Structures are given as structure tokens and as C-alpha cells.
1. Examine the stretch B:118-130 for a residue that is outside any strand (DSSP E or B) and outside the structural domain of residue B:20 (by TED's automatic domain parsing), and state whether such a residue exists.
2. Which helices (runs of 4 or more DSSP H) does the stretch A:166-227 wholly contain that include 3 or more residues that are away from the ligand (no atom under 12 Å from the Cβ), at pLDDT below 95 and in contact with a helix residue (DSSP H, G or I) (Cβ under 7 Å, 6 or more places away or on another chain)?
3. Need pairs with beta-carbon distance below 9 Å; first residue over 15 Å from residue A:260 (Cα atoms) and of a type in the set (A, V, I, L, M, F, W, C) and within the stretch A:212-231, second modelled with pLDDT under 95 and not in a strand (DSSP E or B); sequence gap 6+ or separate chains.
4. Give B:101, B:7, B:61 a once-over and let me know the one that is surrounded by 15 or more Cβ atoms within 10 Å (Cβ to Cβ), at pLDDT 95 or above and touching a helix residue (DSSP H, G or I) at 6+ places or on another chain (Cβ under 7 Å).
5. Quick check on residue B:111: is it more than 27 Å from residue A:134 (Cα to Cα), of a type in the set (Asp, Glu) and not in a loop (DSSP other than H, G, I, E, B)?
6. How about the stretch B:122-147: which of its residues are surrounded by 14 or more Cβ atoms within 10 Å (Cβ to Cβ), hydrophobic (A, V, I, L, M, F, W, C) and within 11 Å of another protein chain (Cβ to nearest Cβ)?
7. For residue A:159, indicate whether it is touching a residue at least 24 places away in the same chain (Cβ under 8 Å), touching a Gly at 6+ places or on another chain (Cβ under 6 Å) and within 14 Å of chain B (Cβ to nearest Cβ).
8. What strands (runs of 3 or more DSSP E), lying completely within the stretch B:12-106, carry at least 3 residues that are more than 7 Å from chain A (Cβ to nearest Cβ) and without any contact (Cβ under 8 Å) to a residue 60 or more places away in the chain?
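The values are calculated or read from the model by the stated rules, or taken from the named source; none is laboratory data. Not measured: the values here are computed from a predicted model. Heads up, the Cβs are rebuilt from the backbone with ideal geometry, glycines too, and the neighbour counts pull from every protein chain shown.
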Amino acid sequence: MSTIRISEDLKNLLYSLPEIDVESLLESYRKPMRQSIRVNTLKAKEEDIVSMLREKGVELEKIPWTRYGYWVVNNVNVASMLEHVLGLVYIQGAISMAPVEVLSPKPGELVLDLCAAPGSKTTQIAQILQGEGVIVANDVNAKRIRALSSNVQRCGIINCIITQADGRKFPLWAKSFFDKVLVDAPCTSLGIVSKDWGAAKNWSFRASERLSKLQLSLAISGFDCLKASGTMVYATCTLSPQENEWVIEHLIMSRPNARLESIKLEGLKMNKGLLEWQHKKFNPEVERCVRVYPYEHEAEGFFIVKITKEGEGS
Amino acid sequence: MKRTILLSSSKSSAFQTMLERQYGTKDFSDKILIQVGEDKIRLTTNDTVKVAEKMRGVQSLGLYVAKVKGQDVVLSIEGSQLLCNNIKKNRIELTEEQARLWMVGAPIQFERLIAAKYVVAFYKNICLGCGRVSADGKVYPQVPKWRRIQQE
Ligand SMILES: C[S@@+](CC[C@H](N)C(=O)[O-])C[C@H]1O[C@@H](n2cnc3c(N)ncnc32)[C@H](O)[C@@H]1O
């Protein structure tokens, strides 16, 4: 088996995380993740899509923490199937489906997906909205927006607006406007190393720290776009506390009306947010964040936090 | 973003008349039709249009459902899927193998003569958009390049 290269900084990070099982993590980095899909009920009934796939020999097993999500148990290439190109199924990581379940959008709501490309979560939100309400899917990167547009089209979504803007500027025109906001922030991707070994080889504290400043600005911007009583989910697919707990600690410091909510998802192994890292203590509320490690479900690693906006104003 | 305008009621009803003539249905229900550029039609909701007016950097809204080519309407895959059960005219049925070929972008040869310029392809109960019928009896799927299955 080929060996994965890990930067010195990453080694130091992993051994600084109190609860993580480093051996299992490195083992999971070497293996491909389990394949999973979401069946798209905007195109056909769930049971019809599932039986079409089963007829073609795809073995499916329901993922307990998300509606419409299935593990693909056997070795089939769903990407090249007709059902995929026609938009009846969307290939999406099993843990990547969790943030939208936590956000729990409802038909009729106004939803902002601030960092949306290539659209896995946008299309999942749209599916739950069932054509009622509006989703604004924003990204800063033109090339990635092309992939987002293709996925929104393939999934048959009529109530989506795709915008290209720096997410940090959004409150200039959309302050206190949305019922729900998702900030699925750009990150150092330590939860998906098995898809890209480069993330482990090149990982550095400096890059993570630089990114955390952008993440904090995006989180604050997303929060300011929420209506009073609205809900925001901040998520990353990385393990570094600098990009996770640190960001949330600073968000609640700068926005005293931000409340962290506890998260319940059936069947998903979740670890609490860290209260201390590298001699720094975080606000005890940060424990409500959840961490999912890649070896726990042979899937991605994620950090997810649910935040509500209390009272009036931003 | 390309120039986008709400279809005026006269243009909208002209579009629906063309749909009715070609496919035996005119109904995109209570949704809003918008025109993008010269010839593309997208479908969206009233609320989406209202919210888009407030946003900046808008690249697109709604779903691309059709292209108007002269006197003909060419439905996109999603456009045909929305109308699917109501399409009464100019339908062709594909086998699984033909449906795969269709999504590769390859022309499909038919034995019988098809007396239409454009037809909608069906595979089981799923619509696969329009194909252009040529004089030699082949139907050329109008599947955009980005949407095609890559051949192994
Ligand atoms: C983790 S990815 C999002 C994945 C996406 N939510 C999905 O589920 O398919 C992060 C995205 O943030 C975008 N991004 C980076 N900086 C940004 C900014 N300043 N404003 C908005 N988006 C940004 C990146 O282009 C990238 O597409």
C-alpha cells in the first residue's frame, strides 16, 4: 500500500488534538471513502428512484441521519449511470449531508448558501424546499460557479438564484434578510484527505491561520444576513480548531446575540467541540459544536455548529 | 448575466401556443417564464424574481426549460421533464441502450418515418429532452456537451 505523506505541522496538529485516534485517522486517509448518494425527489418519487437503481444492481442502504441519503454498498460507478446524468441521483458524501439536516430549511423560507459551489448542499436545500421559498446560492469563484449552475440545472431547481460575490460583502445588500444561512466555508480539508492527499502533505499552521480570518469574516457576514430568530449553520470539512472552535469563539464574541444550539442527528457519531487547545480555553458554549472524524463512518470528517440569532437587529 | 426579461403576456402566450402545437401541452402551471438573451426561456417563481431584484452579482435564476428556434420550441431535459406526463405529440420511446446513446449525444436511427422537426424522447417514464429529426430518419439529441455521458 502506498504511504501518505504528512507535513510536520500536520503531525504536530494531530498529536495536539486531545481525543483523536491518530492511527485510525491515518488509516482512513489511505482508503477511499464509502460511496453515498442522495436521491432527488424534485425529479421523481424516492421509492421509484430507489427501485430503478436496485433493478440495475445497485445495493443501497439508508443513511440514518439524513433524508434521501443512501450508502452504495457494492462497487458500482453511479457517476456513469443514466439516473445520475438525468439528475435523479446526486453523488454526495454521507457526512456532507449532515449540515443541511442541522439547518433544517422549511418550504417557503428564504435561504442563503454563502459558499455554495459546486452545489451539493444547495441542491439538497432546494430538494427540501420543494420549490417553495427561495435559495440564493453564492460563490466567489467563477469556475466553480459553472459547476454549481450545472448541478442546479441537472437537479431541476426552479427557485434558485446564483450569485457571484465575495461573501464578506453580502450584508451590504442582504442584512437581516434570510430565515436560514449556510456557511460551508473554504478550509484546509483535513476531513477529505483520502480524496486529495495533497491536503495532508502541504498542510501548515500558517495557511490554516490565514484561512481562519476569512472564515470568521464569512461567518460574521452570514450571521448579519440572518433575520432575528433565524438559524445559521457554519461547517467545515477540516479538523483544525483554528478554523473551527476559534472561529465560533470569535463570532460569539463579536455578535453577542448569537446562540449556539445543541445538535441531534440519528445514528451519527458526534464528538463535542473542544474546550481547550494549545493552552487556550474556549467559551464553554463551544462544546455544542460537533466534530465528526473520517474513521467513524468511513466518510468525511466535518465540523458543524448551529447558531441562532436572538432578538432584534444584527 | 445575459439580458433577462419577464416574458410579456403576449410573448408568453405565443410561446405556449408553439408548445401546444408541437407537443400537445402548453402548461408550465403557475410559474413565471423569463427570457434570457435572444432565444432561451427559463422558468422560475414570483418570489425568486422578487428576491433576485435585491441581490447583487446575479448570474442566473430559475431553470433553463427551452430554446426558441424560429417557429420551434426545443425543450431542455428539465423542461421536458416538467411537462412530461402532459406531452401528447411528437414523442419517441427509447430503450435503455438508446437512452444511453442519446445521453452520449449520438444520433438514433428509427425505422418508421417521423413527421416532425423536433421530438421528445422518453425512457421509461423519464423525459430526455428534444431531438432534431433529420431527413434520413435519424434523431439528433439536443443534449448540451456538459451534460453528456463521457464514452469509456
Ligand atoms: C467547502 S467549499 C463549498 C462546498 C459547497 N457548499 C458544496 O456543498 O458543494 C467552499 C467554497 O467557498 C468558496 N469561497 C471562498 N472564498 C469565498 C468568499 N470570500 N466568498 C464566497 N465564497 C467563497 C470557494 O470558492 C468554494 O467553492
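1. Our first condition is that a residue be outside any strand (DSSP E or B); within the stretch B:118-130, this holds for B:124-125.
Those still in the list that are outside the structural domain of residue B:20 (by TED's automatic domain parsing) too: B:124-125.
Within the stretch B:118-130, one or more residues are outside any strand (DSSP E or B) and outside the structural domain of residue B:20 (by TED's automatic domain parsing).
2. Numbers: elements: A:171-174, A:198-201, A:205-224.
Of the helices (runs of 4 or more DSSP H) lying wholly inside the stretch A:166-227, none has at least 3 residues that are away from the ligand (no atom under 12 Å from the Cβ), at pLDDT below 95 and in contact with a helix residue (DSSP H, G or I) (Cβ under 7 Å, 6 or more places away or on another chain).
3. A:225/A:314
4. On the way: B:101 fails: touching a helix residue (DSSP H, G or I) at 6+ places or on another chain (Cβ under 7 Å); B:7 fails: at pLDDT 95 or above.
From the options B:101, B:7, B:61, the qualifying one is B:61.
5. On the way: more than 27 Å from residue A:134 (Cα to Cα): yes; of a type in the set (Asp, Glu): yes; not in a loop (DSSP other than H, G, I, E, B): no.
So residue B:111 does not fit the description; no.
6. Those that are surrounded by 14 or more Cβ atoms within 10 Å (Cβ to Cβ), hydrophobic (A, V, I, L, M, F, W, C) and within 11 Å of another protein chain (Cβ to nearest Cβ): B:126, B:127, B:128, B:143.
7. On the way: touching a residue at least 24 places away in the same chain (Cβ under 8 Å): yes; touching a Gly at 6+ places or on another chain (Cβ under 6 Å): yes; within 14 Å of chain B (Cβ to nearest Cβ): yes.
Considered against the rule, which asks whether it is touching a residue at least 24 places away in the same chain (Cβ under 8 Å), touching a Gly at 6+ places or on another chain (Cβ under 6 Å) and within 14 Å of chain B (Cβ to nearest Cβ), residue A:159 comes out as yes.
8. Values: elements: B:32-36, B:40-44, B:58-61, B:63-69, B:72-75, B:91-94.
The strands (runs of 3 or more DSSP E) meeting that bar are B:32-36, B:40-44, B:63-69, B:72-75, B:91-94.
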